[in-house]
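Written out below as structure tokens is the structure these notes cover.
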Amino acid sequence: MATRLATADADLLLGDATRSRSRHSCSLALVSRDDPWDIDRVMEFVDARLADAPRFRQRIRYVPFGLARAVWVDDPDFDLSFHVRRSALPAPGGVRQLADLVARLVDRPLEPGRPLWELYLIEGLADGRLAVLTKTHHVLLGGPNAVDLAQVLMTDERASADVDEVATWTPVPSPGDGVLVLDALITIATDPLELVRRSARLVNAVERASRGLVGAASLTVLRPPGGLAEMFRTSRPRGSRVGLASFPLDQARTIAREHGCKVNDVVLAVLCGALRSWILSCGHPLSTADTLRAIVPMAVSSETGPVEGSEVSAEATSAEIASALIGMPVGEPNPRMRLAQISRETATQRHPRQAVGAKSLARLSGFAPPTLHALGSRAAIMLPSDSYDLVVTNAPGPQHKMFWGDGELAEVYPVPALLDGQALAVSMSSYSGIVYCGFTADRQAVPDVEEIGELISSALDELTGTAR
């Protein structure tokens, strides 16, 4: 039986359902294996994992005459080889070459008549590892049980060398146009407001107007154009660039202990310092009062329970994503003061539901950060684009080794969605003692995005120098 899209998911399909950059999130995994990669074995592994995620074998079907929201139906022509693709770097490929290839793949539109996801197996890396890039459309993240493709494929245990036989998948027949029209008419008769709800533009406007911004009371939601904010906006997208960076999680933890703040505050302060250095390198003057408004999605729970940072059961937590507006003090020259200001900003965030602690998020099934990054982008899409300068998502991951197929997961870089009108998006994930950073930028507005990643290290050293 066909499942109708939720109203929020239908809004994500407004205009071109396959728009690159702004409607899908990506994750880049580097996987190491002692023996050469067997691509047929990789395909079998992906096929087996999709058995637990049926949505990735479904496509979107529109109701005739637009009488109701579109529905999910099984794709009768599902072809795994169409979605799992091979690519390669001229050997030996380095990080910069890998980032350039990822940027080109990010910009490729998804095929609207098929399930809205892709996976690229990238060979040719200098160290013999395999890079795996996953692209998941945000509409696939609708519903409480939906997960990002990367989370589906990353596991706590190494896949067995002996492939378990996977049951043959048989698609459920799609209903005919007459059935869809009749169901739509019945829905309209029993719920007249369905005609209003199916108008994605109206729903989008209403939700943007009604959704509050957590912590926005001290900031002007809309401000006139010009100045520092213009560096982070673009009206004519010209392709993407991708930057990658990483730094030790223990170093951030040490700084957090010395300053009596949270690790998340330190991570944001490191990013703030890197952005400040990059802005100055572009020749843009800064005053002490200059700030960037960053939308920082926060996981919250509808359940009441222990405060953030305490032991919270992941099974007992019903988590969703809310948006917090954080002022990034890029004009402040003192790194200690930047951290203190960010710490005060995050400490004053209040929400009627309880914030979910990092330990709870890290215990979610599989490798949860890709899903949390995608949900964060979904939440930001529903807000007025003029109310923030950039989207920053930060999701804690497991600190033990994980696996992709029969290979060990060595590094995981989030590649954030670049929303309409935005010139830069940042995502950060921690995994196995390292914080991995991904930057997606408009090719014309921020042509040197890799320099921001290179400045992360010096920003971290600045903060380390403030500790005792």
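The values are calculated or read from the model by the stated rules, or taken from the named source; none is laboratory data. All of these numbers come straight from a predicted model, not from anything done at the bench. Backbone-built Cβ (ideal geometry, glycine too); neighbour counts: all protein chains shown.
If we scan the stretch 278-287, do we find a residue that is of a type in the set (Ser, Thr, Tyr), under 14 Å from Arg336 (Cα atoms) and either part of a helix (DSSP H, G or I) or in the same structural domain as Pro335 (by TED's automatic domain parsing) (or both)?
no
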Report yes if some residue within the stretch 9-23 is in contact with a His (Cβ under 7 Å, 6 or more places away or on another chain), buried (at least 21 other Cβ atoms within 10 Å of the Cβ) and either within 28 Å of Asp420 (Cβ to Cβ) or aliphatic (A, V, I, L, M) (or both); otherwise report no.
-> yes
Give just the number: which of (1) in a strand (DSSP E or B); (2) acidic (Asp, Glu); (3) farther than 17 Å from Ala51 by Cα does Asp127 not satisfy?
-> (1)
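Go through Ile456, Ile452 for me and flag whichever is assigned to a helix (DSSP H, G or I), within 27 Å of Arg236 (Cα to Cα), in contact with a strand residue (DSSP E or B) (Cβ under 8 Å, 6 or more places away or on another chain) and at pLDDT 95 or above. Spell out how you get there, then give the answer.
Numbers: Ile456 fails: within 27 Å of Arg236 (Cα to Cα).
Checking each option against the conditions leaves just Ile452.
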Among the residues of the stretch 424-445, the number that are more than 24 Å from Pro248 (Cβ to Cβ) and surrounded by fewer than 24 Cβ atoms within 10 Å (Cβ to Cβ) is 3
Would you mention how many residues in the stretch 395-418 are surrounded by fewer than 19 Cβ atoms within 10 Å (Cβ to Cβ) and either in a loop (DSSP other than H, G, I, E, B) or on the phi > 0 side of the Ramachandran plot (or both)?
-> 3
Residues being in contact (Cβ under 8 Å) with a residue 12 or more places away in the chain and surrounded by 21 or more Cβ atoms within 10 Å (Cβ to Cβ) - total across the stretch 250-262 = 2
Does the stretch 195-207 include one or more residues that are surrounded by 15 or more Cβ atoms within 10 Å (Cβ to Cβ) and either closer than 30 Å to Arg443 by Cα or modelled with pLDDT of 90 or more (or both)?
-> yes
Tell me, which helices (runs of 4 or more DSSP H) lie completely within the stretch 1-117 with 3 or more residues that are within 24 Å of Ala146 (Cα to Cα) and under 19 Å from the mean Cα position of the chain (by Cα)?
-> 7-12
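What residue, among those in the stretch 343-394 that are hydroxyl-bearing (Ser, Thr, Tyr) and buried (at least 17 other Cβ atoms within 10 Å of the Cβ), is modelled with the highest pLDDT? It would help to see each step written out before you state the result.
Keep residues of the stretch 343-394 that are hydroxyl-bearing (Ser, Thr, Tyr), which gives 343, 346, 348, 360, 365, 371, 377, 385, 387-388, 393.
Imposing the further condition that a residue be buried (at least 17 other Cβ atoms within 10 Å of the Cβ) reduces the set to 343, 346, 360, 371, 377, 387-388, 393.
Values: Ser343: 93, Thr346: 86, Ser360: 43, Thr371: 84, Ser377: 85, Ser387: 83, Tyr388: 89, Thr393: 90.
Only one residue tops the list, namely Ser343.
Could you tell me whether the stretch 85-103 includes any residue that is in contact (Cβ under 8 Å) with a residue 24 or more places away in the chain and touching a Cys at 6+ places or on another chain (Cβ under 9 Å)?
Quick first cut of the stretch 85-103, residues in contact (Cβ under 8 Å) with a residue 24 or more places away in the chain only: 85-96, 98-100, 102-103.
Applying the additional criterion that residues be touching a Cys at 6+ places or on another chain (Cβ under 9 Å) yields 102.
Checked against the condition, which is being in contact (Cβ under 8 Å) with a residue 24 or more places away in the chain and touching a Cys at 6+ places or on another chain (Cβ under 9 Å), the stretch 85-103 yields at least one hit.
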